[in-house]
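The values are calculated or read from the model by the stated rules, or taken from the named source; none is laboratory data. This structure is a prediction, so every number in the text was calculated from the model and none was measured. Glycine also receives a Cβ, built like all others from the backbone with ideal geometry; neighbour counts cover every protein chain displayed. Just so you know, the surface numbers come from the protein's heavy atoms only, side chains and all, with ligands and any DNA or RNA stripped out. Shrake-Rupley method; radii C 1.70, N 1.55, O 1.52, S 1.80 Å.
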Amino acid sequence: MERCLSDPPDGGYGWVVVTSAFFIMGLTAAVFKNFGLFFLEIQSHYDVLNSTTSWVTSSTIAVFHLGAPLASALSMRLSQRAVIIIGGLLATSGMIIASLDLSLPWMYLSIGVLQGLGVSFSWIPANSMVSHYFRRWRPIAYAIASSGECVFAMGFSPFFQWLIDSYSWQGALLIIGGLQLNLCVCGALMKPLPAAQTSIQDKLVLEESRTSKKGTFQWSLLQRPELLLYIVFAILAATGFFIPPLFLVPYASSLGMEQYWAASVLSVLALADLLGRLACGWLANLRLVRNLKLLTMVVTALGVVLLLLPIAQSYWSILVFVSLYGFLFGCVVAIHVTTIVDIVGLKGFDSALGLFMLLRSSGGFVGPPAAGWLVDWTHDFSASFYLSGLCLVLSGVFVVLVDRLVKKKKLKLPDSCTESETTDHPILKADCADV
């Protein structure tokens, strides 16, 4: 008999997977989110411009996204568990080499390439595992897992600043590399789903409809206009996503705030981000509003908040805008990955996520250096927030277009396919996947 992956258990060991993913998000995305604390240290150490220093972060973002298809393909060929362990070793190696303070090009190689690839190899399979272990509770499960980024970021902000003050930025990177070695432990907990038996009759139908795609990366998904438009949204959103965390601390410092007060802004951002992820994950799980419609609202509001953020000139006014920004950012993050399932289905999720991250890399690669160039040109950190806000508002337009295409496509589906998410019959699932 043919063995194929069982249906999502919606619980059980899935919560161990969610917990493991929680720590993976913390040891990858939270580290990156607080890298703005190192920005001024690295800039002054090498005596370079803002735009030049931004390439360290930009190269990390680019490699993180460019490595996504490879991470997806290796996960299907090997296992998510093995890829996460490899990612942990790569991320640790990158931090250790960066701590040697060889030169700025070596920073691009170590932090950019090794750290970026390590984060990609850990983050992508972790998201995949959560999505495969849950169906009914997928939005809230993903929100809980992704909230690890926020919880760790709250603690990492003062902790990293203390490490820099106590051991220099080089020593801080070495200690962070040691912490990231725990990604290997998290990967070891990612147990693959058990296999399920199917009847011989079902086997024949499944082989006919799925054999050519099973275990292979589905580049053909790029032929779907709704996915292409969603990727355009992702490129614009990525251009704006990675700018504020990088420039918030320099912006606060430029207003005369002490370093620890400026760093505390990132802790408030992380707390608001956490609340946003949990609230939006819970709301998405209620299914009162379509994910795409909800995403349109929150990403547009996020852009508007960033456009208005530069009017804040005091610590408390900055905290107000940062809290709004963090909450809305958390809302976007909570649903923008799981929404891919609404567009291509669970069957194409792994490949679509890889393509999504790969093509989104262009936005993440261009955003920080472009913002750094604007800051150098205008001598005002506010310019970086204007660029970020504009990109996010524009990205919301493309989510509207995707929503219309998905609704139009669903109207053409047979009635039985609307229930395919809740049925356990493999033949019905195969038929609906090909519509």
So is Ser54 open to solvent by less than 10 Å² (accessible area, probe 1.4 Å) and in contact with a Pro (Cβ under 6 Å, 6 or more places away or on another chain) or not? yes
Of (1) part of a helix (DSSP H, G or I); (2) closer than 17 Å to Phe35 by Cα, Val130 fails just (2)
Identify, by number, the condition in (1) open to solvent by 10 Å² or more (accessible area, probe 1.4 Å); (2) without any contact (Cβ under 8 Å) to a residue 60 or more places away in the chain; (3) under 15 Å from Leu173 (Cα atoms); (4) assigned to a helix (DSSP H, G or I) that Val113 doesn't meet. (3)
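Considering each of Ala312, Ala334 in turn, give the residue that is modelled with pLDDT under 85, within 26 Å of Pro69 (Cα to Cα) and among the small types (Gly, Ala, Ser).
Ala334
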Out of (1) under 23 Å from Ser122 (Cβ atoms); (2) surrounded by fewer than 19 Cβ atoms within 10 Å (Cβ to Cβ), the odd one out for Ser317 is which? (1)
In segment 363-380, residues that are at pLDDT 80 or above, under 15 Å from the mean Cα position of the chain (by Cα) and open to solvent by 10 Å² or more (accessible area, probe 1.4 Å) total 0
Which residues, taken from segment 95-110, are in contact (Cβ under 8 Å) with a residue 24 or more places away in the chain, under 22 Å from Ala30 (Cβ atoms) and either outside the structural domain of Gly177 (by the TED database) or hydrophobic (A, V, I, L, M, F, W, C) (or both)? Met95, Ile96, Ala98, Met107
Phe22 versus (1) modelled with pLDDT of 80 or more; (2) open to solvent by 50 Å² or more (accessible area, probe 1.4 Å): which is the lone unmet condition? (2)
With at pLDDT 90 or above and either within 30 Å of Ala383 (Cβ to Cβ) or open to solvent by less than 10 Å² (accessible area, probe 1.4 Å) (or both) as the only criterion, which of Gly303, Gly348, Gly276 stands out? Gly303
Select from segment 171-198 the residues that are in a helix (DSSP H, G or I) and at pLDDT below 90 and list them in ascending order. none
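For (1) surrounded by 22 or more Cβ atoms within 10 Å (Cβ to Cβ); (2) over 18 Å from the mean Cα position of the chain (by Cα), each residue gets a yes or a no:
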site: Asp10; (1), (2): no, yes
site: Asn50; (1), (2): yes, yes
site: Ile86; (1), (2): no, yes
site: Ala91; (1), (2): yes, no
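Yes/no matrix, rows are residues, columns are (1) of a type outside the set (A, V, I, L, M, F, W, C); (2) within 19 Å of the chain's Cα centre (by Cα); (3) not assigned by the TED database to the domain that holds Met154:
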site: Arg277; (1), (2), (3): yes, yes, yes
site: Arg290; (1), (2), (3): yes, no, yes
site: Leu295; (1), (2), (3): no, yes, yes
site: Thr300; (1), (2), (3): yes, yes, yes
site: Val304; (1), (2), (3): no, no, yes
site: Ser314; (1), (2), (3): yes, no, yes
site: Thr338; (1), (2), (3): yes, yes, yes
site: Ser361; (1), (2), (3): yes, yes, yes
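For segment 242-273: of the residues being assigned to a loop (DSSP other than H, G, I, E, B) and closer than 15 Å to Phe321 by Cβ, which is most open to solvent (accessible area, probe 1.4 Å)?
Leu255
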Please list, ordered by first then second residue, the pairs with beta carbon atoms under 7 Å, 6 or more apart or interchain, first in segment 57-70 and outside any helix (DSSP H, G or I), second surrounded by fewer than 24 Cβ atoms within 10 Å (Cβ to Cβ). Gly67/Leu117
Mind checking whether some residue in segment 74-92 is assigned by the TED database to the domain that holds Val151 and not in a helix (DSSP H, G or I)? yes
Single match in Trp123, Trp162, Trp169 (criterion: open to solvent by 50 Å² or more (accessible area, probe 1.4 Å) and not assigned by the TED database to the domain that holds Leu358): Trp162
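Does segment 140-153 contain at least one residue that is more than 20 Å from the chain's Cα centre (by Cα) and among the hydrophobic types (A, V, I, L, M, F, W, C)?
So far as segment 140-153 goes, no, none of its residues is more than 20 Å from the chain's Cα centre (by Cα) and among the hydrophobic types (A, V, I, L, M, F, W, C).
Condition check ((1) among the small types (Gly, Ala, Ser); (2) closer than 20 Å to Gly396 by Cβ) across all residues:
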{"position": "Ala279", "(1), (2)": "yes, yes"}
{"position": "Arg287", "(1), (2)": "no, no"}
{"position": "Lys293", "(1), (2)": "no, yes"}
{"position": "Val298", "(1), (2)": "no, yes"}
{"position": "Gly354", "(1), (2)": "yes, no"}
{"position": "Arg360", "(1), (2)": "no, yes"}
{"position": "Leu374", "(1), (2)": "no, no"}
Can you find a residue in segment 68-88 that is among the β-branched types (Val, Ile, Thr) and at pLDDT below 90? no
